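**Q** The structure under discussion is supplied below as structure tokens; questions concerning it will follow.
The values are calculated or read from the model by the stated rules, or taken from the named source; none is laboratory data. Please read all numbers here as calculations on a predicted model, not as lab measurements. Glycine also receives a Cβ, built like all others from the backbone with ideal geometry; neighbour counts cover every protein chain displayed. These accessible areas exclude ligands, DNA and RNA; they are computed on the full protein's heavy atoms, side chains included. Shrake-Rupley method; radii C 1.70, N 1.55, O 1.52, S 1.80 Å.
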Amino acid sequence: MIRATDEGDTARARAAAPPGAVWARFGDELVLAGTGAAWKRHAEALRSKALRSDRPRGVTPDRLHFVVQTGRLFQRHHPDVAVLHDRGRFLLVDLDRRRASRLRRSHPTCYGVFPLGAGEVVFARARRAARAQDPKVRRLVDAVTKQRISAEMAALAGMRTRHSTSADFRRSLARSAEILGGLGYEIRRQRVGVASEFSANLIAERTGGGPASRGLVIIAAHLDSVNWEDGPGGQAPGADDNASGGAGVLEIARVFANVPCRHDLQFILFGGEEQGLFGSKHYVAKLTARDRGRIRAVLNMDMIASTNAGERTVLLEGAAISTSMLDGLEAAAATYTGLAVERSLHASNSDHVPFIDAGLPAVLTIEGADQTNDRVHSARDTLAHVDLELAAEILRMNVAYLADAAGA
């Protein structure tokens, strides 16, 4: 396997690759792999040109898969799987197809496993230029406050657990309903089945001021937390996963509470995410045909408060149907924040997936480069490890994007 980061090295490495070699983009790195004598000669030639490289491995292309993981959960669950390239949330691994298929279905909220396609862009580093700032949007962006984010995260993470079927989850849902109702939103709940028990979704909505043909913009996060290390009864403060996203929904709702918008707004706190995306699957299944046709954007926030690299980074994760959302969010980040931005079209592990599976535009905003956050799904996911400035920056990006998407 050869890793090339320089554009000139990348072009030369790809152009000279022998038949049967495969390549994939992991951010700024191009990974090339192959087998056979021709590949070994190619690898030695590239290594002699001082490219970063590993000794050639005998891995056939059909065994190459990439993993999209939350924290380090795939590696924690499957330490025997050979990791060929490690970029934190994204791994290149050696797996036979049958086992990869089994693992793909085993923990849909912890990791996704995908076969590596020829020329795959697993994720890309975005470099969109900033636009001229709009003073009205700037005022909305500046309305985001770390003090309120901190207070809401503390209230949610202060629960012993927000397990989807627990009394603490119901208390956190009731508190959130009181806050959103106090801001003037119309409140309703959906009962959600979770195995043989029940959880709930909280939906706060406001009708826009546009014509009857107005669209619908959804801002969402899951409210529940879980402890998979000690079991469902274990302490699960879930500060980053996902008190950060829940606090983000409440903060954006506050920012837009008195802002006229052309389109309808819905703020949703999902239950049952950690057990298998039950809340978002239920919501999508219950959508009317009319509302499906009205959805302009679904903005999901999950784990937005842990800085895991040398710079504050956000990953925008969607699908081809989400391209306009990805472009808008990237432009908002460049114009109104100092965030570094990564993009991926491999939707996994959170509540944007059921929307994308239904053909609806959705994007997950999540902390980027999550290569060291191994505290999720445990009692160790506490407020001591959060970065409020990162959470605030991601919310500023989201607010700037939503000002346009909602017709503020």
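**Q** At 18 Å minimum axial length over the Cα atoms and a Kyte-Doolittle cut of 0.5, report the qualifying DSSP H helices in the chain, or say none.
**A** 388-405
**Q** For segment 138-290, build the charge dipole from Cβ charges (+1 Lys, Arg; -1 Asp, Glu) around the Cα centre, then report which of Gly272, Pro260, Leu216 sits farthest towards its positive end.
**A** Positive-end residue among those listed: Pro260.
**Q** If you roll a 1.4 Å probe over the heavy atoms of the protein chains, what accessible area per residue do you get for the chain, in Å²?
**A** For the chain, the solvent-accessible area averages 39 Å² per residue.
**Q** Pull out the extension gain between Ala379 and Ala151, defined as 0.36 nm times the separation in residues minus the alpha carbon to alpha carbon distance; nm, one decimal.
**A** Difference between extended and current length: 80.1 nm.
**Q** Got a number for carbon plus sulfur as a percent of segment 262-378's accessible area, 1.4 Å probe?
**A** Result for segment 262-378: 48 percent of the exposed heavy-atom area is carbon or sulfur.
**Q** Here is a follow-up. If each DSSP helix of 4+ residues adds -39,500 (n - 2.57) and the sum is divided by the residues in the chain, what number results at 222 nm, nearest 500 deg cm²/dmol?
**A** Dividing the helical sum by the residues of the chain leaves -10000 deg cm²/dmol.
**Q** What nm distance separates the two modelled labels at Ala37 and Ser101, each placed 7 Å from Cα along Cα→Cβ?
**A** Going from the Ala37 label point to the Ser101 one covers 3.5 nm.
**Q** I'd like the carbon and sulfur percentage of the solvent accessible area for segment 122-202, probe radius 1.4 Å, heavy atoms only, ligands and nucleic acids excluded.
**A** About 49 percent, which is the carbon plus sulfur part of the accessible surface.
**Q** Something else about it: Taking springs between alpha-carbon atoms closer than 10 angstrom, which of Leu287, Leu383, Leu140 fluctuates most in the Gaussian network model of the chain?
**A** Top of the fluctuation ranking is Leu287.
**Q** Could you pull out every one of the aspartates and glutamates with an alpha carbon less than 14 Å from that of Lys146, ignoring same-chain neighbours closer than 8 positions?
**A** Glu251, Asp387, Glu389, Glu393
**Q** Also, quick follow-up: Against the empirical 2.2 N^0.38 Å scaling, what ratio does the C-alpha Rg of segment 171-219 come to?
**A** So segment 171-219 has a normalised radius of gyration of 1.42.
**Q** How big is the equivalent ellipsoid of the chain along its three axes, where each semi-axis is √(5λ) from the Cα gyration tensor, reported in whole Å from largest to smallest?
**A** 37, 24, 19
**Q** Take every Cα-Cα distance within segment 175-254, group them into 5 Å bins from 0 onward, and report for each bin the whole-number percent of pairs it holds.
**A** Computed distribution, short to long bins: 3, 13, 18, 21, 19, 12, 7, 4, 2, 1, 0.
**Q** Amide H to amide H, which residues 5 or more places from Ile295 or on other chains are under 5 Å from it, using H placed in the peptide plane?
**A** Leu216
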